[in-house]
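A short worksheet on the structure shown next.
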Amino acid sequence: MSFKAKREIECLLRLQTLTGQLEEILYFLRSEDLITDSLVKTTKHSSNMPKDVQQILQDVQLTNKVQMLTYEWSVLPVENIIITIITDRAQKLFEYNG
């Protein structure tokens with residue numbers, strides 16, 4: 001696993017811990033018809049949800065199903081997390097501003 005993937009998983013884990021937004025990411029991807037209902041259900045019940053969500057996001061990016069996917073995570077002076085997903089139809093930010 002690459003350093004970049006590990007950082008993305010850490011970012012998603014932190015976002016989940018602080019806001020619980022990983023399910024919202026899954027629902028957004030499902031509403032955009034980028035993933036299936038069964039994948040949402042399986043991932044929600046996963047023992048390692050941040051890793052699974054990172055893999056899903058990586059897959060939709062590699063298959064060009066999203067126009068842009070960015071992770072922004074800064075800890076100092078105040079923790080901020082912004083995950084941006086842009087599809088053909090919508091743009092969505094998942095964020096925490098500490």
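No lab work stands behind these numbers, since they all come straight from the coordinates. Keep in mind that what you see is a predicted model, and the values were worked out from it rather than measured. Please note: Cβ atoms are built from the backbone with ideal geometry, for glycine as well, and neighbour counts cover all protein chains shown.
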Query raised in the report: Of the numbered conditions (1) in contact (Cβ under 8 Å) with a residue 60 or more places away in the chain; (2) closer than 18 Å to Ala5 by Cα; (3) in contact with a helix residue (DSSP H, G or I) (Cβ under 6 Å, 6 or more places away or on another chain), Gln21 satisfies every one except a single condition; which is it?
Result: (2)
Query - Residue satisfying all of: in the stretch 65-83; out of contact with any strand residue (DSSP E or B) (no Cβ under 8 Å at 6 or more places or on another chain) and either under 16 Å from Glu24 (Cα atoms) or not hydrophobic (A, V, I, L, M, F, W, C) (or both); surrounded by the fewest Cβ atoms within 10 Å (Cβ to Cβ) among these - result: Pro77
Query raised in the report: Among the residues of the stretch 1-40, which ones are part of a loop (DSSP other than H, G, I, E, B) and surrounded by 13 or more Cβ atoms within 10 Å (Cβ to Cβ)?
Result: Gln21, Glu32, Leu34, Ile35
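Name the single residue that is farthest from Glu32 (Cα to Cα) among those in the stretch 61-78 being of a type outside the set (A, V, I, L, M) and touching a residue at least 24 places away in the same chain (Cβ under 8 Å). Before you say what the answer is, go through the steps one by one.
Initial filter on the stretch 61-78 (of a type outside the set (A, V, I, L, M)): 61, 63-65, 67, 70-74, 77.
Now restrict to residues that are touching a residue at least 24 places away in the same chain (Cβ under 8 Å): 65, 71, 73.
Values: Lys65: 10, Tyr71: 19, Trp73: 25 Å.
Of everything passing the filter in the stretch 61-78, Trp73 is farthest from Glu32 (Cα to Cα).
So, in the stretch 65-96, exactly how many residues are among the polar types (S, T, N, Q) and touching an Asp or Glu at 6+ places or on another chain (Cβ under 8 Å)? Write out each step before concluding.
Taking the stretch 65-96 as the starting set, the residues that turn out to be among the polar types (S, T, N, Q) are 67, 70, 74, 80, 84, 87, 91.
Those left that are additionally touching an Asp or Glu at 6+ places or on another chain (Cβ under 8 Å): 67, 80, 84, 87.
So the answer is 4.
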Requested in this report: Can you give me the number of residues within the stretch 55-98 that are within 17 Å of Ser2 (Cα to Cα) and in contact with a Lys or Arg (Cβ under 9 Å, 6 or more places away or on another chain)?
Outcome: 2
Query raised in the report: Of all the residues that make up the stretch 84-98, how many are surrounded by 14 or more Cβ atoms within 10 Å (Cβ to Cβ) and either polar (S, T, N, Q) or part of a helix (DSSP H, G or I) (or both)?
Result: 2
